[in-house]
Amino acid sequence: MSIPVYWADAFETGPFTGNPAAVCVLPDWLDDQLMQAIARQNNLSETAFVVADGDHWRIRWFTPAAEVDLCGHATLASAAVITRYLRPGAALIEFSSRSGALQVRCEAEHLVLIFPARPPRAEEPKEPLAAALGAMPEAAWRADYLLAVFADQQQISRLAPDFALVAGLGHTGVIVTAPGRAPVDFVSRFFAPAVGVNEDPATGSAHCTLVPYWAGRLGRTELNAKQLSSRGGEFKCRLLGDTVEIGGRVRHYLQGTIEI
């Protein structure tokens, strides 16, 4: 069996930045265990599998350890692969997924995810969270992911989480965030050891929660964001009611064939 595979860096700011994703193009779904094994072999934070469905596409995402319900950077990478190699010139890519219908709009320099907004609800910071992160946040919020809010960007950069404790918090992922420095409105990092990704370099799905939170706090719906991982990532975001637009650049890295 031969499977076309592409590798692209989403939300990049230059060579070897952003979040690498593998995109495997299939005629139909493989056995779940085989797709998981491919993702484990790829050993990237996400491998996306896409299947053409008329004018639309079906998409699934796997970390090296588990299938997930939503992934932003691998969706952005998949749209970049489709518009460059599979359907050149497409202005809007539409996906069906475990999280429902998703869209990616093609603009001059950016691709823009059109994702559901997932506003968080407030809760009290607790000692297990502080122990896992190595510092007590000033506030904690919960949506699909746990959101820990700190006072400044330097605190985010210095965090050295205990990933075993983070995995034990009972959440797929933990977002940490703080105000940014102009022209950046907010910064973040994202930890997901429970699904095999200690720190994700640039996380689109986290911004489904980050954008509603910061839009409410700052009183603006258009926001610039940066993820402070070692690779880094940049996002242009906009809140439109129940929808979040998350824009970023994609850099193509390689293409090849998986032989099984």
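Read the figures in this text as sums done on the coordinates, not as results from a lab. Keep in mind that what you see is a predicted model, and the values were worked out from it rather than measured. FYI the Cβ positions are ideal-geometry reconstructions off the backbone, even for glycines, and counts take in every protein chain you see.
For Asp185, Asp53, Asp144, the sequence from fewest to most other C-beta atoms within 10 Å is Asp53, Asp144, Asp185. Result for the chain in a Gaussian network model with C-alpha springs under 10 Å: among Ala167, Ala79, Ala143, the largest mean-square fluctuation is at Ala143.
In this label model, His56 and Leu254 are separated by 3.4 nm, measuring between points 7 Å along each Cα→Cβ vector. Each stretch of four or more DSSP H residues adds -39500 (n - 2.57); spread over every residue of the chain, this sum gives -5500 deg cm²/dmol at 222 nm.
Grab the other residues whose beta carbon is less than 11 angstrom from that of Asp53, score K and R as +1, D and E as -1, and report the net.
Around Asp53, the charge tally is -2.
Computed extension length for Asp162-Gln41: 41.0 nm, one decimal, from 0.36 nm per residue of separation with the Cα-Cα distance subtracted.
Counting other beta carbons within 10 Å of each residue's own, what order do Thr13, Thr75 fall into, fewest first?
On the way: Thr13 17, Thr75 32.
Going from sparsest to densest Cβ surroundings: Thr13, Thr75.
Here the 3J(HN,Hα) profile of the stretch 145-156, calculated from phi with Karplus coefficients 6.51, -1.76 and 1.60 at θ = phi - 60°, is 10, 7, 10, 10, 9, 10, 7, 8, 4, 4, 4, 5 Hz, Gly and Pro shown as x. Remark: Glu107, Glu234, Glu12 ranked as Glu107, Glu234, Glu12, counting other beta-carbon atoms within 10 Å and listing the fewest first. Between 0 and 90 degrees, the angle of helix 72-81 with respect to the longest Cα principal axis of the chain falls at about 30 degrees.
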